[in-house]
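The values are calculated or read from the model by the stated rules, or taken from the named source; none is laboratory data. All of these numbers come straight from a predicted model, not from anything done at the bench. Here the Cβ positions follow ideal geometry from the backbone for every residue, glycine too, while neighbour counts run over all protein chains shown.
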Amino acid sequence: MTDARDSDAIAHNVQSVLHSIRRAADRVGRRSDTIRLIAVTKSVSVSGIRHAIAAGVRLFGENRLQEAIPKIASFGPEAGLSWHFIGRLQRRKVRSVVGAFAMIHSVDSLELAAEVNRRAEEAGACQEILLEVNIGGESSKAGFSLPAVVDALPVLDSMSHLSVKGLMAVPPPTREAESARPYFRRLSELARSLSHANLRRVRMDELSMGMSNDYEVAVEEGATFVRVGSAIFGPRAL
């Protein structure tokens, strides 16, 4: 893992991203304090994370469990950090993820949700999750289809150790940020339609959408979490 950016560069980038979030929110009449920045730290060292913390970041997103666990262990609870799991989650790794992360953004099937619920019950916890929606209908991507997420809600509401907070999506790759807008809008409209369901444990308060190349458009379309990595830490190896 390498960090090409020093403390001053990361601090500058964090402030630039936060400024862009505020600017995007202002354009559509949103309160910027309803939008939270998740710094994506895949392939970022502990020292790089410390630089981001010094710049005021408190929410961090990790894609890979094996990489995340030692990083999380490097910071005690007194640091006041919130870790979110944002990558593809295999069922065999759920036990290690539950409780270690404040929120799982990538629950992409009822089978995975059931496993998270089971492991949370074993841990005596209630795990916050987001439902990943395959908003572009791509065969190469996981996630609920739009009809499937509607049908899944009553089943999810019966899982007593889950707290569904909203939706997450990654739109199809595009060259221009503006090309992602229809997908973000579709996810926002889906969340609004689902919010009318009379359910106890399923809410649609959160929308996790937008990354380094398109987060301003995502904010304009209703994102409450944006997941930003390279715009803060610079390009990294996959």
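General observations
- Residue match in the range 127-135 (condition: over 19 Å from residue 38 (Cβ atoms), surrounded by 14 or more Cβ atoms within 10 Å (Cβ to Cβ) and either touching a strand residue (DSSP E or B) at 6+ places or on another chain (Cβ under 7 Å) or at pLDDT below 95 (or both)): yes
- Screening the candidates 30, 36 for the property of being of a type in the set (D, E, K, R) and under 19 Å from the mean Cα position of the chain (by Cα) yields one hit, 36.
- Qualifying residues in the range 192-218 (those that are under 21 Å from residue 84 (Cβ atoms) and of a type in the set (Lys, Arg)) - the one modelled with the lowest pLDDT: 201
- Qualifying positions in the range 124-154 - assigned to a loop (DSSP other than H, G, I, E, B), within 12 Å of residue 164 (Cβ to Cβ) and of a type in the set (D, E, K, R): none
- Any hit, the range 225-233, residues being farther than 20 Å from residue 22 by Cβ, surrounded by 18 or more Cβ atoms within 10 Å (Cβ to Cβ), of a type in the set (Phe, Trp, Tyr) and under 18 Å from the mean Cα position of the chain (by Cα): yes
- Answer from 162, 153, 199, 187 - the residue that is under 16 Å from residue 132 (Cα atoms) and more than 17 Å from the chain's Cα centre (by Cα): 153
- Within the range 82-98, if we keep just the residues that are in contact (Cβ under 8 Å) with a residue 12 or more places away in the chain and more than 16 Å from the chain's Cα centre (by Cα), the residue that is surrounded by the most Cβ atoms within 10 Å (Cβ to Cβ) turns out to be 94.
- Yes/no for residue 222 being surrounded by fewer than 21 Cβ atoms within 10 Å (Cβ to Cβ), within 17 Å of the chain's Cα centre (by Cα) and at pLDDT 95 or above: yes
- For the range 23-38, the tally of residues that are in contact with a Ser or Thr (Cβ under 9 Å, 6 or more places away or on another chain) and assigned to a helix (DSSP H, G or I) stands at 5.
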